[in-house]
1. Can you pull out every residue in region 93-112 that is touching a helix residue (DSSP H, G or I) at 6+ places or on another chain (Cβ under 8 Å) and at pLDDT 90 or above?
2. How many residues, within region 199-230, are assigned to a helix (DSSP H, G or I) and either among the polar types (S, T, N, Q) or at pLDDT 80 or above (or both)?
3. Confirm whether N82 is crowded, with 16+ Cβ neighbours inside 10 Å, farther than 28 Å from W11 by Cβ and modelled with pLDDT under 90.
Amino acid sequence: MEYKILRNERWRESTKEGAYEIAKFIKEKKIKVIVALERSGRPAGLLVRDIYKQLYPKDRLPKTFFLNPDCLGGNENVEKENTHLYNYILGHQEEPIAILDEYCSSGTTMKNAKNSLTHSGSKKVYCTTLGCASDLNKTNNFLDIRGGKYIPQWYLGNEKMNKLGKKEIKKYSDEKRNENESVQLRKEFKQLAKEIRDEHSKSKLEGILEKTFGILLSLVGITILLSNKSILSGNMISLGINTLNFQSFFSFSLIFAGFFLIFKSIKIRKK
């Protein structure tokens, strides 16, 4: 698929980095619930879930709810907009919740969502975003995780949009988001998630192959070493340098190479 919005590779890599940071933050804070803001927050939430699953395969995935921020004023609970989320909060008020959006420009939407979740009874709400306006990144403390540094404010249609401050952003605040671009962005987030899954699967396969080959090399080296009668029949120290004939040198090399590949495969799995 051709990237039309995240067409710059730096933007795509920054989006991935931001999603990784949010996934780690969710793990660190023991967050069990993600509230993704519609519409673009939905694929962003799925992207974070994919990365979380990759990083912590033994963990249970956080529950994910979707919330339309346009229906929230910040002074009411979320019961009318999402009954399932509201009922969940009532039964788990002490559980931390992470709000997730793909981009935070003025912060109004994020603040309204946080206030509505608080009105619903949630005791601890974190605000996370894949990208945000540069001045928000420096001066506002309501964002707990700001994600990547080079994620564009896609709906303004300006290549320097992620550097705009509040004054410039207000010029566009009444501008309706282009529905086609919104749909396109959701497709691109899904494509990013697929690429991450493919990279993880490839890396995992490479790790398995390297570990298998490493074990085989080590076994061959050990077999050759044990078959070397000059080593088995005498004291290695007394035999000295003569013991290190080509056969023994070759076997030790195989064992070393095998253990190196096994160690490397373990590092790949942890990466």
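The values are calculated or read from the model by the stated rules, or taken from the named source; none is laboratory data. The shown structure was predicted, so the numbers you read here are calculated from the model rather than taken from an experiment. Because the Cβ atoms are built from the backbone with ideal geometry, glycine has one as well, and the counts that use them run over all protein chains shown.
1. Matches in region 93-112: I97, A98, I99, L100.
2. 20
3. Details: crowded, with 16+ Cβ neighbours inside 10 Å: yes; farther than 28 Å from W11 by Cβ: yes; modelled with pLDDT under 90: yes.
When the stated conditions are applied, N82 passes them.
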